Amino acid sequence: MRLLIIRILLSVWSLICGSAGGQGQPNVTPALCSTSCRCDGDGGADCSGKGLAAVPTGLSAFTYYLDISMNNITELPANVFKNFPYLEELRLAGNDLTYIHPEALSGLHQLKVLVLHCKGKQKLSVNTVMTPERADKVEEERYAGLIMSEHNDAILLARMLQNNQLKTVPSLALKNLLSLQSLRLDANHIAAVPEDSFQGLQQLRHLWLDDNGLTEVPVGPLSHLGNLQALTLALNRITLIPDHAFTNLSSLVVLHLHNNKIKEIGQNCFAGLDNLETLELNFNNLMMFPEAIQALPKLKELGFHSNNIAIIPERAFHSNPLLRAIHLYDNPISFIGNTAFQNLSDLHSLMLRGASLMQDFPNLAGTVNLESLTLTGTKISAIPAGVCEDLKFLRTLDLSYNEIKELPVFQGCFKLEEICLQHNRIQEIHGDAFQGLASLRILDLSRNEITSIHKDSFFSLTALTNLDLSVNSLSSMPTAGLKDLNHLKLSGNLEMKGALAAKNLPKLRSISVPYAYQCCAFSGCDSTERPSEEDDGEKAMSTQATVREEEDERVHLNMHCTPSPGAFKPCTHLLGSWMIRLTVWFICLAALVFNALVLAATFCPGRVLSPAQLLVGLLAASNLLMGVYVGLLSALDAVTWGAFAEFGVWWETGPGCRAVGVLAVFSSESSVLFLALAAVERSGAVQELLGKGPRGPRGRRARFGGAAALLALLAGAAACLPLFHVGEFSTSPLCLPFSTGETPSLGFTASLVLLNSLAYLLMVVVYTHLYCSLGKADLAEPLQAGMVRHVAWLIFTDCMFFCPVAAFLFAPLFTGVANSPEITKSVTLIFFPLPACLNPVLYVFFSSLFREDWRRLRRLGWAGRQAEAGAGPGAGGSAPPGGRAAQELVYDCGAYSQLQADPTLCSCCESVLLARPLACRHLVKWHSCPALAPPCGQPGGYWSDCATPSAQSEYADEGDSFISDSSEQVQACGRACFYHSRGLPLGPYSYNIPRIRD
């Protein structure tokens, strides 16, 4: 009433001042307000958060509300508020108060609310009018969970010296506040409470002493507060609650002792608390069950979770029949008495969590009104069959993180709305398990071992909206009775590979499925994968009836399906657009045809391969495998035309995808490694032939053959690692070990890219050194630089196509921005197999060695046909030795014999070639005509260097495979004879010309 009277007087005063101003009296002084504050013109002043070091001056004497919280005020001197006789509410929270003078609050006879605290740094609006109703509402919001004053017309009188630096209770300053009802001294540094701290505060109802440094309960000071209703001693360092600690607090309703270090509680410590309803002992170090609670007959809410209590004794709560909520979780409970929770008819909530040694389901006979039961993190393996007979009002049942293997029949729990059974060992759901649960809305069966669900298990769950079956072993899921389902989780059921019927779930809003292809049955596919123009044309050509059927099967609601389809999880076509498809077809055809030609020309019978030709053949074989890989993808795209989603899961998870992935990785890695070996071989061969490097030991071909075998084994090992879950082939239908974000997969992909990068770096270093060591004259000879240039072109083209693939794979790791899946797929499909197409094309069209091999292959084919014709009936005589090939050799050698002065020299070559056309290999072996000296029987005059070490060098011994058996060998012989006949040294010319003839 006093507040209302003062408010009326202030309003009348304002009207008088306004009227006087309207009558032409401009000198009337307006309402006073400090420059550091904001005033609402109605007696309220907000000076919070202004950095003030003292109480502001210049405020109106009629100020009834003053907020100076969140400043830097460290002390309150005497009579500091003497100019505010009408002040009703004072806020001083969030300052650094260390001292309050005993007379600091003198003169505040109208003070009703003393606030030395506010929620964080929240400020009240200056326009807020603190009416009695408003004050009651604010205090109700702040004191949620605490007992309010019984007087409806009284405003809480004092509040909070919190968030300051007080080291003791300012008892002298408070002694004159006889009407004080609420006092907050929390979040200070109070370590002890003097005995006379609360003398005279007979009206105090709420006291906060939490978050201080108390080490014991202030028994003496509390004995003066006979009307106290709520007491908080939490967040201190109290270790012991002595007997009769709260004897005189018979009106106490709420007692908070949580977050202390309490290890022991006296048997009679709660004696006298006949009206206590809420007791919080959470987060302490209790070892034994607090049997002192038996002295609390009106206890309704009990919390002693997060302690070290191991045993709940028999009849633990028989003296607390009014208990409504018990929170016992996060205790190492190993035993619960059979009668501990019996006959608690008012119990509505029971929470036992983290009792890792608990094995038996508690006996709840007589606890008929239980609405929420939580038993998680225990070793309970079975649920009693008649659990619902005593729990007919149960609404929430949480039995997660246990070892339950079989579900009972929940029929009888008609009011159940939520069941949580995740993280158990359930293997099967029977048809009657959830029968009659018409109110069930949430069912969580995730992370179990469920392999089958009866087709009628969900039939009666007409109100079910959320169903979680993720991470199980299901191969199918019944949908009968799930017409109202909104949210469904099926992810992690890797055996569920079939398509889901969207038409059976008409109200579904979100779904998570094991595979992205299964989202194609829902409308989410329409928004995640744009159909191409060709697909639009095909749909336009489809009949209207087919379109109507497709629309009926799709859900036309706002659906969210994960994981969503996309470029790497297509719903319709594997290869996507026609541009990519035609490019892939061309790459496939070129790789197969040209690599087959190179293999046929290189590995034709009747010849010995040099290291360079061996590596060319191996490189062609690797590229041919890449062509086979691309061809298989093209065939899969054609077979699954327009409906890839129906086969995508089976393809990715099947052996076919793994085999294709091994083929692709082996082809890619082996081609890079063989190319690196070819670069090393070319460099060594050129250096040796030009005399700039040491001549190696014999067995050059064997050494490089062994090195190629080791590299092939390395590529094979890398290709097989994903079969052992180091990387995965099933992350995309392309069957390549793309990074999925998991450590093994990411590490495998990074290792492959790093290996290829090191190989290309080695090639660049080797060839840079080679070109720097060669002179212009060496590079100008086309016969000498043929294979060197070819390998250089291969290195350049392969590296150029490797870089985009590597960049797109690893750009998200460095930039944090994901690449477009469509672009990444296009780059992978085109640039990844492109070297397998270009390598043989470059060799076929730009290498003279292939032309020689091809001519030789044709001659062998012609000779075979001639031999078959000669062996057939009617063959007229035998062909001369050597046949047409010998004639060509005679012609070539004869051309050179016309240019020399001594025809006897080349006649030796001619005679031997006529007699032994296959002796060309000897020409190669010795690199000159002197190799024919023994058959010719010539004197040592012309062939004086036949037996020299240079003529029988290691390279000469191995180099026969570098030059094919063609007419150019004879030309080489002729050139050697020509130079020798003119007195020039035979060695340099005879070795320079054919040594690296590639």
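The values are calculated or read from the model by the stated rules, or taken from the named source; none is laboratory data. These figures come from a predicted structure and were not determined experimentally. All Cβ positions, glycine included, derive from the backbone under ideal geometry; neighbour counts span all protein chains shown.
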Read through the list (1) in contact with a Gly (Cβ under 8 Å, 6 or more places away or on another chain); (2) not in a loop (DSSP other than H, G, I, E, B), then give the number of the only condition that Gln294 fails.
(1)
Conditions (1) surrounded by 20 or more Cβ atoms within 10 Å (Cβ to Cβ); (2) under 26 Å from Thr376 (Cβ atoms) -> Asn285 fails only (1)
Could you give every pair whose Cβ atoms fall below 7 Å, whose first residue belongs to the range 318-332 and is farther than 18 Å from Glu371 by Cβ, and whose second residue is of a type in the set (Ser, Thr, Tyr), counting only separations of at least 6 or pairs across chains?
Asp330/Ser306; Pro332/Ser356
Listed residues Asn424, Asn369, Asn466; which is polar (S, T, N, Q), out of contact with any Gly (no Cβ under 8 Å at 6 or more places or on another chain) and in the same structural domain as His348 (by TED's automatic domain parsing)?
Asn369
Matching residues in the range 36-87 - criterion: being surrounded by fewer than 16 Cβ atoms within 10 Å (Cβ to Cβ), aliphatic (A, V, I, L, M) and under 19 Å from Ala173 (Cα atoms):
Ala54, Ala78
For the range 340-367, how many residues are more than 41 Å from the chain's Cα centre (by Cα) and crowded, with 17+ Cβ neighbours inside 10 Å?
7
I need the strands (runs of 3 or more DSSP E) fully contained in the range 449-516, keeping only those with at least 3 residues that are over 21 Å from Ala438 (Cβ atoms).
510-512
Is at least one residue of the range 90-100 over 17 Å from Asn163 (Cβ atoms) and of a type outside the set (Phe, Trp, Tyr)?
no
In this structure, is Leu474 in contact with an Asp or Glu (Cβ under 8 Å, 6 or more places away or on another chain) and aliphatic (A, V, I, L, M)?
yes
Can Leu302 be described as outside any loop (DSSP other than H, G, I, E, B) and free of Cβ contacts under 8 Å to residues at least 40 places away in the same chain?
yes
Which of the numbered conditions does Ile100 fail, given that it passes all the others? Conditions: (1) over 21 Å from Leu52 (Cα atoms); (2) modelled with pLDDT of 50 or more; (3) not polar (S, T, N, Q).
(1)
From the list Thr740, Thr731, which one is in a loop (DSSP other than H, G, I, E, B) and at pLDDT below 75?
Thr740
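Conditions tested, residue by residue: (1) assigned by TED's automatic domain parsing to the domain that holds Ala702; (2) modelled with pLDDT of 90 or more.
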position: Thr572; (1), (2): no, yes
position: Ile587; (1), (2): yes, yes
position: Ala591; (1), (2): yes, yes
position: Val608; (1), (2): yes, no
position: Gln613; (1), (2): yes, no
position: Ala621; (1), (2): yes, yes
Pairs needed: first member in the range 224-241, at positive phi; second member anywhere, of a type outside the set (S, T, N, Q); C-beta distance under 6 Å; at least 6 residues apart or different chains.
Leu235/Asp210; Leu235/Asp211
Of the residues Glu314, Glu264, which single one is free of Cβ contacts under 8 Å to residues at least 60 places away in the same chain and under 28 Å from Phe361 (Cα atoms)?
Glu314
With respect to Ser475, is the statement that it is over 27 Å from Leu375 (Cβ atoms) and out of contact with any Lys or Arg (no Cβ under 7 Å at 6 or more places or on another chain) true?
yes
So which residues in the range 182-206 are over 49 Å from the mean Cα position of the chain (by Cα) and part of a strand (DSSP E or B), if there are any at all?
Ser182, Leu183, His206
What residue, of Gln518, Gln427, is within 30 Å of Leu391 (Cα to Cα), out of contact with any helix residue (DSSP H, G or I) (no Cβ under 6 Å at 6 or more places or on another chain), of a type in the set (S, T, N, Q) and in contact (Cβ under 8 Å) with a residue 12 or more places away in the chain?
Gln427
What are the pairs with Cβ atoms under 9 angstrom where one residue, in the range 580-595, is assigned to a helix (DSSP H, G or I) and the other, located anywhere, is among the acidic types (Asp, Glu) and crowded, with 18+ Cβ neighbours inside 10 Å? Sequence gap at least six, or different chains.
Arg581/Asp637; Val584/Asp637
